[in-house]
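Here's the structure we're looking at; comments come further down.
What follows is calculated from the coordinates using simple rules that are stated; it is not laboratory data. Worth saying up front: this structure is predicted, and the values here are computed from it rather than measured. Methodologically, a virtual Cβ is constructed for each residue, glycine included, from the backbone with ideal geometry; neighbour enumeration extends over all protein chains shown.
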Amino acid sequence: MDDPIRKVIQAGIVGVCFSDPATGAKLSRLELRQGVGTRRAFEIGDGALIYSREHVKALTFAGVKDALLAIAQTAP
């Protein structure tokens, strides 16, 4: 299935790989899963990158990359 939200997230991860390879590698290993009741654009938990469809929709591409970088740097 071609989900535009998932494609934007995947493109954001690729963009992070170019600017910060270590963080990009960390993000690319995570399973991409849509969250229910997620209060932020992204969360990391149980080996997955959990996203809120509505929050991601509201972001620009640069905002998606920034949010991915921020969540990856705060996660253990």
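Taking the Cα centre of region 4-74 as origin, sum charge times position over the Cβ atoms of Lys and Arg (+1) and Asp and Glu (-1), and report the length of that vector in debye to the nearest 20.
That gives a dipole near 180 debye.
Given the chain, what percent of its DSSP beta bridges are antiparallel, to the nearest 5?
So the antiparallel bridges in the chain amount to around 50 percent.
Per 5 Å bin, what is the whole-percent P(r) computed from every C-alpha pair distance within the chain?
Per 5 Å bin, starting at zero, the Cα-Cα P(r) for the chain comes out as 3, 17, 32, 29, 15, 3, 0 percent.
Using the beta-carbon distance between residue 28 and residue 54 and R0 = 35 Å, what value does 1/(1 + (r/R0)^6) give for FRET efficiency, to the nearest 0.05?
0.90
Using 0.36 nm per residue, how much length does the chain from residue 62 to residue 44 gain when fully extended, once their Cα-Cα distance is taken away?
Details: separation 18, 0.36 × 18 = 6.48 nm, distance 1.94 nm.
Working it through step by step, the gained length comes to 4.5 nm.
Per DSSP helix of 4 or more residues, -39500 (n - 2.57); summed, then divided by the residues of the chain. What does that give at 222 nm, rounded to the nearest 500? Present the calculation step by step, with values, prior to reporting the outcome.
Working: 4 runs with 43 residues, N = 76.
Here the helix-only value at 222 nm equals -17000 deg cm²/dmol.
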